[in-house]
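This report concerns only the one structure given below.
The values are calculated or read from the model by the stated rules, or taken from the named source; none is laboratory data. Keep in mind that what you see is a predicted model, and the values were worked out from it rather than measured. Glycine gets a Cβ as well: all are built from the backbone with ideal geometry, and neighbour counts include every protein chain shown.
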Amino acid sequence: MKVKALLLVLMIAANGFAQGVIDKHLIVRIAEIEVFPQYLEEYLTFANEVDRLSIEREPGVICLYPMQSAEDSCQIRILEIYASEEAYQQHLKTDHFQKYKQGTLHMVKDLKLPTMKPLDPETMKLIFKKQR
């Protein structure tokens with residue numbers, strides 16, 4: 001199931017590249033989330049739902065790829081790639097994101113949202129092409 005989800009994310013991202021959705025205004029973040037252990041399973045359900053719906057419904061959401069630390073299951077990272085700042089702001093207003101945000105506030109012990117600078121956006125396009 002996880003392999004299918006990854007392939008779906010990569011195919012949609014590749015489609016975004018192919019359609020010229022992605023340009024120099026790309027927003028890339030790696031969300032660093034620590035979840036309280038007693039809420040972990042419930043949090044993962046929320047996270048998987050918002051990621052899937054965002055990719056399916058929002059053309060400006062290129063990638064939302066959640067990952068769980070192999071060493072500490074309460075440590076979650078989400079690779080987030082948006083076509084632009086406007087796409088990111090639109091994402092924050094969606095019903096599915098608001099459901100996730102409001103539903104998980106009490107589950108999150110710590111949250112950091114560093115913005116990353118892609119060092120080689122052209123090579124990133126090649127990564128997504130490999131998944132076709």
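Let's see how each residue does on (1) surrounded by fewer than 13 Cβ atoms within 10 Å (Cβ to Cβ); (2) in a loop (DSSP other than H, G, I, E, B); (3) small (Gly, Ala, Ser):
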| site | (1), (2), (3) |
| --- | --- |
| LYS24 | yes, yes, no |
| ILE30 | no, no, no |
| TYR39 | no, no, no |
| GLU42 | no, no, no |
| ARG52 | no, no, no |
| ILE62 | no, no, no |
| MET67 | yes, no, no |
| ASP72 | yes, yes, no |
| ARG77 | no, no, no |
Under 8 Å between Cβ atoms, which residue pairs at least 6 apart in sequence (or on different chains) link something in region 57-72 that is at negative phi and at pLDDT 95 or above with a partner that is hydroxyl-bearing (Ser, Thr, Tyr) and in a loop (DSSP other than H, G, I, E, B)? ARG57/THR94; GLU58/THR94; GLY60/SER84
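Suppose we keep only residues that are of a type in the set (A, V, I, L, M) and surrounded by 10 or more Cβ atoms within 10 Å (Cβ to Cβ) within region 93-132. Which one would you say is nearest to the chain's Cα centre (by Cα)? Steps first, answer last, please.
Kept after step one, since they are of a type in the set (A, V, I, L, M), are these residues of region 93-132: 105, 107-108, 111, 113, 116, 119, 124, 126-127.
When the remaining residues are screened for being surrounded by 10 or more Cβ atoms within 10 Å (Cβ to Cβ), the result is 107-108, 111, 113, 116, 124, 126-127.
Values: MET107: 18, VAL108: 17, LEU111: 14, LEU113: 12, MET116: 13, MET124: 16, LEU126: 19, ILE127: 16 Å.
For region 93-132, the residue satisfying everything is LEU113.
Would region 91-113 turn up any residue that is in a strand (DSSP E or B) and farther than 19 Å from PHE46 by Cα? Working first, answer last.
We begin by selecting, within region 91-113, every residue in a strand (DSSP E or B); these are 108-112.
Restricting the remaining residues to those that are farther than 19 Å from PHE46 by Cα gives none.
No, because not a single residue in region 91-113 is in a strand (DSSP E or B) and farther than 19 Å from PHE46 by Cα.
Condition check: touching a helix residue (DSSP H, G or I) at 6+ places or on another chain (Cβ under 7 Å) and of a type in the set (A, V, I, L, M). Does VAL61 satisfy that? Outline the logic, then answer.
Details: touching a helix residue (DSSP H, G or I) at 6+ places or on another chain (Cβ under 7 Å): yes; of a type in the set (A, V, I, L, M): yes.
Considered against the rule, which asks whether it is touching a helix residue (DSSP H, G or I) at 6+ places or on another chain (Cβ under 7 Å) and of a type in the set (A, V, I, L, M), VAL61 comes out as yes.
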